[in-house]
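Written below as structure tokens is the structure these notes are about.
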Amino acid sequence: MLLKPLFPIAALLLSELLASETQASGRELRVVFSSGRPPFSFHDGKLGDTGIEVDLMRAALQQQGYSMKTAIAPNSRLRLAVADGQADIASAVHEYGADGKGVYYSDGFIEYHNIAIGKRERRLGIHSQQDLARHSFAIWQHGWRDLGPAFQAAYQPDSSGRFRRNYHETASQESQCRMFWANRVELLIIDRTVYNWFRDKLASRLPTGSAVVYYDIFPQSTVFPAAFRDKALRDRFNQALRQLRQSGDYQRILARYRLGG
């Protein structure tokens with residue numbers, strides 16, 4: 001499923017002064033979300049840009065008196081959109097580090113609980129990450145760096161940019177799921193909420209009804225922050241995020257998009 005932008009990323013370009021004035025006046029902020037990761041961010045014909053991240057971001061900003069204008073970009077462009085002044089906020093950035101150079105990172109904003117999934121009929125018997133070496137699997141773009149140091153050491157590209165033969169990255173998580181259901185790979189590494197979403201959405205086109213086994217082999221969830229151009233806005237956002245969690249609104253937004261399975 002390709003996400004449809006409300007406006008092109010190039011049209012986001014505004015001056016740093018304008019960004020400061022926007023934040024000070026409590027008007028509209030420019031927020032960029034990742035492409036290709038429903039139900040966390042996606043485009044709906046009736047609702048526009050929506051999803052878990054979009055709803056959470058909107059709720060947190062509304063607490064501070066802001067509205068937002070959304071745009072879609074690849075994961076690799078999220079942080080750069082903020083650093084280059086093309087956006088005020090980037091949601092759930094995968095490339096992040098220490099604050100600085102015009103980018104300030106929030107507390108953990110979005111959490112993914114990634115698991116390995118295989119068809120029961122294959123009887124794969126996955127007990128640890130080391131067992132993955134015997135099987136082909138599909139993972140999201142740059143997934144090798146999101147699942148801890150042991151996984152990164154095993155699956156990062158070599159000096160020429162080549163991956164291990166059993167490791168297959170895809171540009172979108174829909175493509176990941178298609179590979180799995182079409183038996184092009186033996187395993188899927190994915191967040192369970194994302195998996196359930198695409199299993200439902202692809203059911204009319206692919207045989208998604210096969211029994212599967214969930215292998216919970218990654219020791220911790222993967223948590224991503226949001227990136228901000230303005231430090232004070234970042235600090236207020238952190239406070240709003242804590243309030244959303246304390247009130248239960250954070251969990252209620254998550255529940256809207258969780259399908260069974």
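From the list Tyr112, Tyr104, which residue is aromatic (Phe, Trp, Tyr) and more than 19 Å from Arg145 (Cα to Cα)?
Just one listed residue meets the conditions, Tyr104.
Which pairs do you get when a residue that is farther than 17 Å from Asp200 by Cα and of a type in the set (A, V, I, L, M, F, W, C), found in segment 36-56, comes within reach of a residue that is open to solvent by 10 Å² or more (accessible area, probe 1.4 Å) and assigned to a strand (DSSP E or B), reach meaning Cβ atoms under 9 angstrom, with the pair 6+ apart or on two chains?
From segment 36-56, the pairs are Val54/Phe42; Val54/Gly48; Val54/Met68.
Is it the case that some residue within segment 124-141 is among the aromatic types (Phe, Trp, Tyr), outside any helix (DSSP H, G or I) and open to solvent by less than 10 Å² (accessible area, probe 1.4 Å)?
yes
Could you list, ordered by first residue, the pairs with Cβ atoms under 9 Å in which the first is in segment 172-186 and farther than 13 Å from Arg205 by Cβ and the second is of a type in the set (Gly, Ala, Ser) and at pLDDT below 95, at least 6 apart or interchain?
Pairs found: Ser172/Ser35; Ser172/Gly36; Gln173/Gly36; Ser175/Gly36.
Every residue in segment 90-107 that is open to solvent by 30 Å² or more (accessible area, probe 1.4 Å), at pLDDT 80 or above and either touching a Leu at 6+ places or on another chain (Cβ under 9 Å) or of a type in the set (Ser, Thr, Tyr) (or both), please.
Tyr104, Asp107
Can you name every one of the strands (runs of 3 or more DSSP E) wholly within segment 23-67 that holds 1 or more residues which are farther than 24 Å from Ala171 by Cβ and modelled with pLDDT of 90 or more?
Of the strands (runs of 3 or more DSSP E) lying wholly inside segment 23-67, those with at least 1 residues that are farther than 24 Å from Ala171 by Cβ and modelled with pLDDT of 90 or more span 28-34.
Test Phe180 against the criterion of being surrounded by 15 or more Cβ atoms within 10 Å (Cβ to Cβ), touching a Cys at 6+ places or on another chain (Cβ under 8 Å) and aromatic (Phe, Trp, Tyr), and give yes or no.
Spelling it out, it is not the case that Phe180 is surrounded by 15 or more Cβ atoms within 10 Å (Cβ to Cβ), touching a Cys at 6+ places or on another chain (Cβ under 8 Å) and aromatic (Phe, Trp, Tyr).
Within segment 202-217, track down each residue that is within 16 Å of Leu187 (Cβ to Cβ), surrounded by fewer than 16 Cβ atoms within 10 Å (Cβ to Cβ) and among the polar types (S, T, N, Q).
The one that is within 16 Å of Leu187 (Cβ to Cβ), surrounded by fewer than 16 Cβ atoms within 10 Å (Cβ to Cβ) and among the polar types (S, T, N, Q): Ser210.
Could you look through segment 85-120, keep only residues that are without any contact (Cβ under 8 Å) to a residue 12 or more places away in the chain and not in a strand (DSSP E or B), and pick out the one that is farthest from the chain's Cα centre (by Cα)?
In this case the residue turns out to be Ala98.
Of all residues in segment 112-130, which are touching an Asp or Glu at 6+ places or on another chain (Cβ under 9 Å) and of a type outside the set (Phe, Trp, Tyr)?
His113, Asn114, Ile115, Ala116, Gly118, Lys119, Arg122, Leu124, Gly125
Give me a count of the residues in segment 219-237 that are in a strand (DSSP E or B) and either farther than 30 Å from Gln63 by Cα or not hydroxyl-bearing (Ser, Thr, Tyr) (or both).
Final tally of qualifying residues: 6.
The values are calculated or read from the model by the stated rules, or taken from the named source; none is laboratory data. Every value quoted in this text rests on a predicted model; they were computed, and no experiment measured them. All Cβ positions, glycine included, derive from the backbone under ideal geometry; neighbour counts span all protein chains shown. The accessibility values were calculated without ligands, DNA or RNA, using every heavy atom of the protein model including side chains. Shrake-Rupley method; radii C 1.70, N 1.55, O 1.52, S 1.80 Å.
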